[in-house]
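The values are calculated or read from the model by the stated rules, or taken from the named source; none is laboratory data. Predicted model, so just to flag it, every value in this text is computed and none were measured. Note: ideal-geometry Cβ built from the backbone for every residue, glycine included; neighbour counts use all protein chains shown. Ligands, DNA and RNA are stripped out before the accessible areas are found, and what is left, the full protein with its side chains, is counted by its heavy atoms. Shrake-Rupley method; radii C 1.70, N 1.55, O 1.52, S 1.80 Å.
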Amino acid sequence: MGKPLFYEILEKPATSCIIGLCCAIWFYIQKKNIGYSHVGLSYETAIEGHHWRIITSALSHISVIHLVFNMSALWSLGVVEQLGHMGMGVEFYLQYTLVLVVLSGGLVLGSYHVLIQRFKLEYFRRVTAVGYSCVVFGWMTILSVKQPSSKLELFGFLSLPISFAPFESLIFTSIIVPQASFLGHLSGIIVGYAIAWGVIHGMTNYWAVSMLGWIVLVFVFSLKRSGAYDFSFLEIEPVTDPSLPSVRFLASGNGRTLQMSALPVGGSDLVYFSDKLVICAWNVRMLGVARVLWEIVFGLFSAQWVFPETVKEVVLSWKGKSFEWNGCSVANILRRVSGSFCTLKKMKMECTGIQQHR
């Protein structure tokens, strides 16, 4: 006899929570008669700004067979939570589940883009992907590399060697669920191999929480911008006046203002909350995105963080302990080098001026 279900749930807390969430979403979808087009991910909806569908498509199931297959496989794969001695465990499971959801969804969209733009296959413009299969196939792949002796139990009676499970399940799913997304499952396998082979690595609790925060932020803003859900406390108003700074934090009542004009403003959006806090400019250069996102977070708490523009400015403005080389700190060395370059540049300009005068 096996273990009672209650003890297995305690051994697989994260897996149990995800299965419960997916089942609850499926029940809600059935009750409200929601279809693929409302929650699924497609190329057309992605280019329209429905980025929130990367999350909803992963957690939603329309067919009960699809739900049972995915949840049955996921329950068997929950053994990852018990492999802490092999460098996995609950934290590893949660951290890389986030990675699998986001990267597999992005890879699906990238595949659609190549097939549509490069090979002119317009059919994939309207293909809608839905289901947790990307993540399930990703964990199958990771487990097949990390512990190839394991078995994958499906429906409680079908047992597959985990080493061949990703591709066996890919064929099996295509047979029993003809509408299943082959590219979606393949994307999960590719991301799974990237994680298992260490191409994607280094996830910690800090990065997982940070990643989750940005997912929630983008999820809410894309829901608002696409018009899929109306948040009464949030209003996005396009700004096209080039005289305005690209990012502003205006916190009412405390007199603190931060304005940044170093970034371009064309096509930026200001986001207004009910307390008159202007927090964001959307269309900025990629070099400034990380800085803008952190400025948003600090602005919510009426705080400011001044980011130096270059690495040299970071070192030159350093006030704490620094590394030394031959008795000279790195900052002093950079100051001397910088001064030498300025002197050489000045001499070059003077020589150029003399030659032009002649």
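For the reader, a short list of remarks on this structure follows.
- Where Lys224, Lys120 fall by accessible area, highest first, once all protein chains stay in place (1.4 Å): Lys120, Lys224
- Between Ile200 and Leu121, full extension at 0.36 nm per residue minus the direct alpha carbon distance yields a gain of 25.4 nm.
- Cα principal axis extents for region 5-226, largest first, Å: 44, 40, 39
- Debye, to nearest 20: dipole size of region 1-131, +1 on Lys, Arg Cβ, -1 on Asp, Glu Cβ: 400 debye
- Computed on protein heavy atoms with a 1.4 Å probe, the accessible areas place Ser163, Ser187 in the order Ser163, Ser187, largest first.
- Percent of Cα pairs exceeding the 14 Å cut-off, where the set is region 103-152: 62 percent
- Pairs from Lys3/Lys146; Lys12/Lys146; Lys32/Lys224; Lys3/Lys31 whose Cα-Cα separation, in the structure shown, is over 29 Å: Lys3/Lys31
- For Ser181, the solvent-accessible surface with a 1.4 Å probe is about 30 Å², rounded to the nearest 10.
- The figure for Met88 is an accessible area of roughly 20 square angstrom, using a 1.4 Å probe on the protein chains alone.
- Over all pairs of different C-alpha atoms, region 64-174 has a mean inverse distance whose reciprocal, the Kirkwood radius, equals 15.1 Å.
- In terms of its Cα atoms, region 3-120 spans 52, 37, 21 Å along the principal axes, sorted from long to short.
- Solvent-accessible surface (1.4 Å probe) assigned to Val145 amounts to roughly 50 Å².
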